[in-house]
Amino acid sequence: MKRFIYLISPNKINDDFYSALEKVLACKKVNYFQLRLKNYPKNKILKIGKVIKTITNRHKVKLIINDNPNIAKEIGAAGCHIGQSDTSYRQTNKILKKKIIGLTCHGSKRLVEQAIKYKVNYIAIGSFFKSKLKPNAKKAKMKLIKETKKKTKIPIVVIGGITNKNYKKLISLGANYIAISSYIWNNPTLKPEKAIRKFN
(Lines give C-alpha, C1' and ligand atoms only; values in the text may rest on other atoms or scores of the structure.)
Protein backbone atom coordinates (compact mmCIF):
# COMPACT_ATOMS: atom_id res chain seq x y z
CA MET A 1 0.00 0.00 0.00
CA LYS A 2 1.26 3.48 -0.86
CA ARG A 3 1.99 5.65 2.15
CA PHE A 4 0.59 9.06 1.22
CA ILE A 5 -0.10 10.74 4.55
CA TYR A 6 2.09 13.37 6.18
CA LEU A 7 0.82 13.30 9.75
CA ILE A 8 1.35 16.29 12.06
CA SER A 9 1.24 15.95 15.83
CA PRO A 10 -1.38 17.67 17.99
CA ASN A 11 -0.28 20.86 19.80
CA LYS A 12 -0.21 19.05 23.13
CA ILE A 13 1.14 15.59 23.87
CA ASN A 14 -0.49 13.76 26.76
CA ASP A 15 0.18 10.28 28.15
CA ASP A 16 -2.46 8.62 25.97
CA PHE A 17 -0.89 10.00 22.82
CA TYR A 18 1.81 7.35 22.38
CA SER A 19 -0.56 4.39 22.25
CA ALA A 20 -2.86 6.32 19.88
CA LEU A 21 0.12 7.06 17.61
CA GLU A 22 1.10 3.39 17.65
CA LYS A 23 -2.39 2.41 16.42
CA VAL A 24 -2.49 5.14 13.77
CA LEU A 25 0.91 4.22 12.31
CA ALA A 26 0.00 0.55 12.27
CA CYS A 27 -2.41 1.30 9.41
CA LYS A 28 0.66 1.77 7.13
CA LYS A 29 -0.66 4.90 5.39
CA VAL A 30 1.73 7.40 7.01
CA ASN A 31 5.09 8.20 5.42
CA TYR A 32 6.10 11.23 7.50
CA PHE A 33 5.27 12.16 11.07
CA GLN A 34 6.01 15.75 12.04
CA LEU A 35 6.49 16.66 15.68
CA ARG A 36 5.17 20.22 15.93
CA LEU A 37 5.21 21.60 19.47
CA LYS A 38 5.31 25.38 19.34
CA ASN A 39 5.10 26.18 23.06
CA TYR A 40 7.25 23.47 24.61
CA PRO A 41 10.76 24.00 25.98
CA LYS A 42 13.62 22.30 24.14
CA ASN A 43 14.29 19.66 26.84
CA LYS A 44 10.63 18.60 26.79
CA ILE A 45 10.60 18.30 22.96
CA LEU A 46 13.79 16.21 23.14
CA LYS A 47 12.26 13.90 25.71
CA ILE A 48 8.98 13.47 23.76
CA GLY A 49 10.85 13.20 20.45
CA LYS A 50 12.98 10.32 21.66
CA VAL A 51 9.91 8.32 22.71
CA ILE A 52 8.17 9.06 19.41
CA LYS A 53 11.27 8.08 17.44
CA THR A 54 11.12 4.51 18.80
CA ILE A 55 7.47 4.34 17.62
CA THR A 56 8.12 5.83 14.16
CA ASN A 57 11.16 3.56 13.69
CA ARG A 58 9.06 0.53 14.52
CA HIS A 59 6.54 1.46 11.81
CA LYS A 60 9.15 2.63 9.25
CA VAL A 61 7.81 6.21 9.33
CA LYS A 62 10.14 9.19 8.87
CA LEU A 63 10.21 11.47 11.91
CA ILE A 64 10.39 15.17 11.02
CA ILE A 65 10.94 17.90 13.61
CA ASN A 66 9.22 21.23 13.06
CA ASP A 67 11.32 24.43 13.09
CA ASN A 68 14.43 23.23 14.86
CA PRO A 69 17.30 21.49 13.00
CA ASN A 70 19.38 21.23 16.18
CA ILE A 71 16.66 19.23 17.93
CA ALA A 72 16.25 17.09 14.78
CA LYS A 73 19.99 16.35 14.84
CA GLU A 74 20.05 15.58 18.56
CA ILE A 75 17.11 13.17 18.35
CA GLY A 76 18.47 11.56 15.18
CA ALA A 77 15.24 12.39 13.33
CA ALA A 78 14.93 11.83 9.58
CA GLY A 79 14.81 15.57 9.01
CA CYS A 80 13.34 18.98 9.70
CA HIS A 81 10.46 21.08 8.40
CA ILE A 82 11.08 24.81 8.20
CA GLY A 83 8.71 27.73 7.71
CA GLN A 84 9.60 31.03 6.13
CA SER A 85 10.34 32.66 9.50
CA ASP A 86 12.30 29.75 11.02
CA THR A 87 15.97 28.84 10.65
CA SER A 88 17.08 29.53 7.07
CA TYR A 89 17.39 26.69 4.56
CA ARG A 90 21.17 27.17 4.27
CA GLN A 91 21.64 27.05 8.04
CA THR A 92 19.38 23.99 8.35
CA ASN A 93 21.26 22.25 5.56
CA LYS A 94 24.58 22.99 7.28
CA ILE A 95 23.32 21.42 10.52
CA LEU A 96 21.55 18.41 8.99
CA LYS A 97 23.79 17.66 5.98
CA LYS A 98 22.06 14.90 4.01
CA LYS A 99 18.88 14.69 6.05
CA ILE A 100 15.36 15.53 4.81
CA ILE A 101 14.43 19.22 4.68
CA GLY A 102 10.92 20.34 3.81
CA LEU A 103 9.94 23.93 3.25
CA THR A 104 6.67 25.83 3.71
CA CYS A 105 5.79 27.82 0.59
CA HIS A 106 2.23 28.90 1.52
CA GLY A 107 0.49 29.74 -1.77
CA SER A 108 3.43 31.61 -3.29
CA LYS A 109 4.90 30.85 -6.72
CA ARG A 110 8.03 32.81 -5.78
CA LEU A 111 8.60 30.69 -2.66
CA VAL A 112 7.98 27.49 -4.64
CA GLU A 113 10.63 28.55 -7.17
CA GLN A 114 13.05 29.31 -4.33
CA ALA A 115 12.41 25.86 -2.81
CA ILE A 116 13.10 24.23 -6.20
CA LYS A 117 16.41 26.14 -6.42
CA TYR A 118 17.37 24.94 -2.94
CA LYS A 119 16.59 21.34 -4.02
CA VAL A 120 14.53 20.72 -0.87
CA ASN A 121 13.21 17.20 -0.26
CA TYR A 122 9.58 18.25 -0.36
CA ILE A 123 7.60 21.43 -0.95
CA ALA A 124 4.66 22.19 1.37
CA ILE A 125 1.83 24.20 -0.19
CA GLY A 126 -1.30 25.49 1.52
CA SER A 127 -3.55 26.34 3.25
CA PHE A 128 -6.26 25.00 0.94
CA PHE A 129 -9.17 24.85 3.38
CA LYS A 130 -10.03 26.40 6.73
CA SER A 131 -7.65 24.94 9.28
CA LYS A 132 -7.92 24.63 13.07
CA LEU A 133 -4.13 24.39 13.33
CA LYS A 134 -3.59 27.69 11.47
CA PRO A 135 -6.92 29.56 11.48
CA ASN A 136 -5.45 32.74 9.95
CA ALA A 137 -3.50 31.07 7.16
CA LYS A 138 -3.91 32.62 3.73
CA LYS A 139 -5.65 30.43 1.14
CA ALA A 140 -3.55 28.88 -1.65
CA LYS A 141 -4.93 28.43 -5.15
CA MET A 142 -5.40 24.82 -6.27
CA LYS A 143 -3.79 25.51 -9.64
CA LEU A 144 -0.45 26.03 -7.83
CA ILE A 145 -0.25 22.25 -7.32
CA LYS A 146 -0.44 21.63 -11.08
CA GLU A 147 1.97 24.47 -11.88
CA THR A 148 4.52 23.17 -9.37
CA LYS A 149 4.15 19.64 -10.73
CA LYS A 150 5.11 20.88 -14.21
CA LYS A 151 8.26 22.57 -12.92
CA THR A 152 9.74 19.90 -10.67
CA LYS A 153 9.80 16.28 -9.56
CA ILE A 154 10.21 17.33 -5.91
CA PRO A 155 7.29 15.80 -3.94
CA ILE A 156 4.46 18.14 -2.99
CA VAL A 157 2.86 18.06 0.46
CA VAL A 158 -0.51 19.83 0.64
CA ILE A 159 -1.68 21.27 3.91
CA GLY A 160 -4.54 23.11 5.61
CA GLY A 161 -7.94 21.86 6.76
CA ILE A 162 -7.70 18.55 4.92
CA THR A 163 -10.38 15.99 5.74
CA ASN A 164 -11.67 12.72 4.30
CA LYS A 165 -14.16 14.80 2.26
CA ASN A 166 -11.72 17.05 0.38
CA TYR A 167 -8.36 15.26 0.02
CA LYS A 168 -9.03 13.36 -3.24
CA LYS A 169 -9.25 16.55 -5.28
CA LEU A 170 -5.76 17.58 -4.09
CA ILE A 171 -4.29 14.20 -4.98
CA SER A 172 -5.96 14.28 -8.41
CA LEU A 173 -4.20 17.63 -9.07
CA GLY A 174 -0.81 16.02 -8.40
CA ALA A 175 -0.16 16.27 -4.66
CA ASN A 176 2.10 13.46 -3.43
CA TYR A 177 1.26 13.72 0.27
CA ILE A 178 -1.62 15.13 2.27
CA ALA A 179 -0.77 16.73 5.61
CA ILE A 180 -3.37 16.13 8.29
CA SER A 181 -3.58 16.83 12.00
CA SER A 182 -6.90 18.08 13.46
CA TYR A 183 -9.01 15.52 11.59
CA ILE A 184 -7.02 12.73 13.27
CA TRP A 185 -6.28 14.09 16.75
CA ASN A 186 -9.22 16.40 17.45
CA ASN A 187 -11.99 14.55 15.67
CA PRO A 188 -15.22 14.94 17.68
CA THR A 189 -16.70 11.62 16.56
CA LEU A 190 -13.82 9.30 15.61
CA LYS A 191 -10.87 7.92 17.52
CA PRO A 192 -7.51 8.58 15.77
CA GLU A 193 -7.13 5.00 14.45
CA LYS A 194 -10.66 5.13 12.99
CA ALA A 195 -10.16 8.61 11.52
CA ILE A 196 -6.99 7.60 9.63
CA ARG A 197 -8.88 4.72 7.96
CA LYS A 198 -11.12 7.25 6.21
CA PHE A 199 -8.22 8.04 3.84
CA ASN A 200 -7.62 5.52 1.05
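A simple spin-label model places the labels of LEU46 and LYS60 3.2 nm from each other, with each point 7 Å out along Cα-to-Cβ.
Using the beta-carbon distance between PHE4 and LYS119 and R0 = 22 Å, what value does 1/(1 + (r/R0)^6) give for FRET efficiency, to the nearest 0.05? Result of the calculation: an efficiency of 0.50.
Spin-label model, LYS141 to ASP16: label points 7 Å out along the Cα-to-beta-carbon direction sit 4.4 nm apart. Annotation: extensible slack from LYS151 through LYS198 equals 13.8 nm (criterion: 0.36 nm per residue apart, minus Cα-Cα distance).
Here are a few candidate values for Cα extents along the principal axes in Å: (1) 42, 40, 33; (2) 48, 42, 33; (3) 56, 51, 37. Which one was actually calculated from the structure I just gave you? Correct label is (1). Put simply, the amide H of PHE128, placed in the peptide plane, has neighbours under 5 Å in ALA140, ILE159, GLY160, leaving out anything fewer than 5 places away on its chain. Computed from backbone phi, the HN-Hα couplings of the stretch 17-30 come to 4, 4, 6, 5, 4, 4, 5, 5, 6, 5, 6, 6, 10, 9 Hz, rounded to whole numbers (Karplus: 6.51 cos²θ - 1.76 cosθ + 1.60, θ = phi - 60°; Gly and Pro given as x). Going 7 Å from the Cα of ILE171 toward and past its Cβ, which residues in the stretch 1-22 have a backbone nitrogen under 16 Å from where you end up? Residues 1-7 fall inside that zone.
Summed over the residues of the stretch 76-143 and divided among them, the accessible surface reaches 58 Å² per residue at a probe radius of 1.4 Å.
The values are calculated or read from the model by the stated rules, or taken from the named source; none is laboratory data. Because the structure is predicted, anything quoted here is derived from the model rather than measured. Don't worry about glycine lacking a Cβ; one is built from the backbone with ideal geometry, like all the others, and counts go over all protein chains shown. Note: areas computed on protein heavy atoms with side chains; ligands, DNA, RNA excluded. Shrake-Rupley method; radii C 1.70, N 1.55, O 1.52, S 1.80 Å.
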